[in-house]
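What follows is a set of notes on a single structure, which appears directly below.
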Amino acid sequence: MKLAMIGFGQAGGKIVDRFLDYDDRTGSGIVRAAIAVNSAKADLMGLDNIPQENRVLIGQARVKGHGVGADNELGAEVAEEDIDEVQNAIDQIPTHEVDAFLIVSGMGGGTGSGGAPVLAKHLKRIYTIPVYGLGVLPGTDEGGIYTLNAARSFQTFVREVDNLLVFDNDSWRQTGESVEGGYEQINEEIVRRFGILFGAGEVGDGQEVAESVVDSSEIINTLSGGGVSTVGYASEEVELSSGGGLLSRFTGDDGGSDDDLDAANTTNRITSLVRKAALGRLTLPCEIEGTERALLVLSGPPEYLNRKGIERGRKWLEEETGSMEVRGGDFPREEPEVAAAILLSGVTNVPRIKRLQQVAIEAQDNIDDIQQESEENLEELVEDDEDELEPLF
Ligand SMILES: Nc1nc2c(ncn2[C@@H]2O[C@H](COP(=O)(O)OP(=O)(O)OP(=O)(O)O)[C@@H](O)[C@H]2O)c(=O)[nH]1
Ligand SMILES: [Mg+2]
């Protein structure tokens, strides 16, 4: 499907920038337009692929291009004040060619955390196409203010968008790497997973159309109904056949039984990839039982995809999630791998979100305590002054 992507804040901008790169590399055609919004000028200048005219600096009157310094209330305020600047950039894109908006943002900072929900609300008022969010949760080691920001932003963002896709930095932290190097890998993981998913509904001209190819309406239907989504992924390398659709390594022997073996292998490969994708690391770890809707996308060379495998994978997902709404289909691609991407939409049992909210409440209490304490300290200080010192005049 075709998306208008808006990266809000530094993380959001960098990830949308990577999506453009992914689009170039794979020809997936999912990014119909890409915009970056930030209150920090340097962050906008650091982007590689987003066109200059699509980089919108907000809050200049307030923060002079220096960012809001993890103050997400200020982030929300400058977004509200300068929403027309953002709208001007959106006015330049052909929204009639776009299936949905995707607002991408790190939720722990100030600009994206505060601004992304403001933009979502604005877009929902103006456009009829869906507005999705891709929210990145901070690592737990980033500190209380990031957690508090994320918890607040999460609550608002999920209410304003048609669906909130979540990626949790905390579960993807690499040990022994610089933060920047780590982010590069993480961002690659993000664009691969969401790229396959959204790319599924975008089979180009001249590409082979399989029996049960995923349509963008199936992605939209899986996301409709709202809530929080997570994505699972697993892949296996395969050899591209040299032609004719038959696997080259099976030619030469008795044709009939090889075909059977072939089909059985293909089916088994698909079902085990589906299990790995669902039970392995999700973009937002959670219990998959209780998921409201799911979409299974099997991508790979057409000769490695079959209906039986996808049907089995789909059935297994129905049993594991308890959902009656599990869609599935092909995404034929001439890549030397078979991959299963699973979108779990409307997940209900997410320990990370519960913990995030708990920690945020504690942090809020702490902040209130500290504030009260510092007021008392100041009073004491001033009183002491009055007791012991003669006033200057
Ligand atoms: N996955 C990923 N997360 C990032 C990246 N950069 C930052 N983050 C995360 O995003 C959170 C928010 O950081 P930023 O995006 O820099 O914040 P901002 O929206 O620019 O807001 P301010 O800098 O406070 O004005 C951080 O706490 C990190 O968890 C990135 O490149 N990739
Ligand atoms: Mg920043």
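For the reader, a short list of remarks on this structure follows.
- Simple point charges give the picture: +1 on the Cβ of Lys and Arg, -1 on the Cβ of Asp and Glu, and for the stretch 226-345 a dipole about the Cα centre of about 460 debye.
- Per-residue ellipticity at 222 nm from helix content only, as computed over the chain with -39500 (n - 2.57) for each DSSP H run of at least four residues, stands at -15500 deg cm²/dmol.
- Relative contact order %, the stretch 259-393, counting alpha carbon pairs below 8 Å whose residues are six or more apart: 29 percent
- Whole-number D in µm²/s for the chain (Stokes-Einstein; Kirkwood sum over Cα pairs; 10 °C, 1.306 mPa s): 70 µm²/s
- Probing with 1.4 Å while keeping every protein chain in the model, the per residue accessible area of the stretch 226-345 equals 44 Å².
- Signed unit charges on C-beta, dipole axis of the chain, positive-most listed residue Leu298, Ile15, Asn88: Leu298
- Surface share of carbon and sulfur [accessible, 1.4 angstrom probe, percent] for the stretch 272-393: 48 percent
- Taking 27 Å as the limit for the C-alpha separation, the pairs Lys315/Lys354; Lys2/Lys124; Lys41/Lys121; Lys64/Lys121; Lys14/Lys121; Lys276/Lys308 exceed it in the case of Lys315/Lys354.
- Sulfur and carbon atoms: percent of accessible area, the stretch 79-201 [1.4 Å]: 44 percent
- Applying the criteria of a DSSP loop state and at most 15 other Cβ atoms within 10 Å to the trypsin sites (Lys or Arg not before Pro) of the stretch 39-137 yields Lys64.
- DSSP bridge orientation in the stretch 226-345 - percent antiparallel, rounded to nearest 5: 65 percent
- Here the peptides 290-298, 364-372, 277-285, 80-88 are ranked by packing, the mean other Cβ count within 10 Å, and the order with the highest first is 290-298, 277-285, 80-88, 364-372.
- Positive end of the dipole of the stretch 259-338 (Cβ unit charges, origin at the Cα centre): among Val338, Leu317, Gly328, the Cα lying farthest that way belongs to Leu317.
- Beta bridges per DSSP with both ends in the chain, % antiparallel, nearest 5: 30 percent
- Using a probe of 1.4 angstrom and keeping all protein chains present, the accessible surface of the stretch 3-199 works out to 39 square angstrom per residue.
The values are calculated or read from the model by the stated rules, or taken from the named source; none is laboratory data. Quantities reported herein were computed from a predicted structural model and do not represent experimental measurements. Don't worry about glycine lacking a Cβ; one is built from the backbone with ideal geometry, like all the others, and counts go over all protein chains shown. Each accessible area value is taken on the protein alone, full model and side chains, heavy atoms only, with ligands, DNA and RNA left out. Shrake-Rupley method; radii C 1.70, N 1.55, O 1.52, S 1.80 Å.
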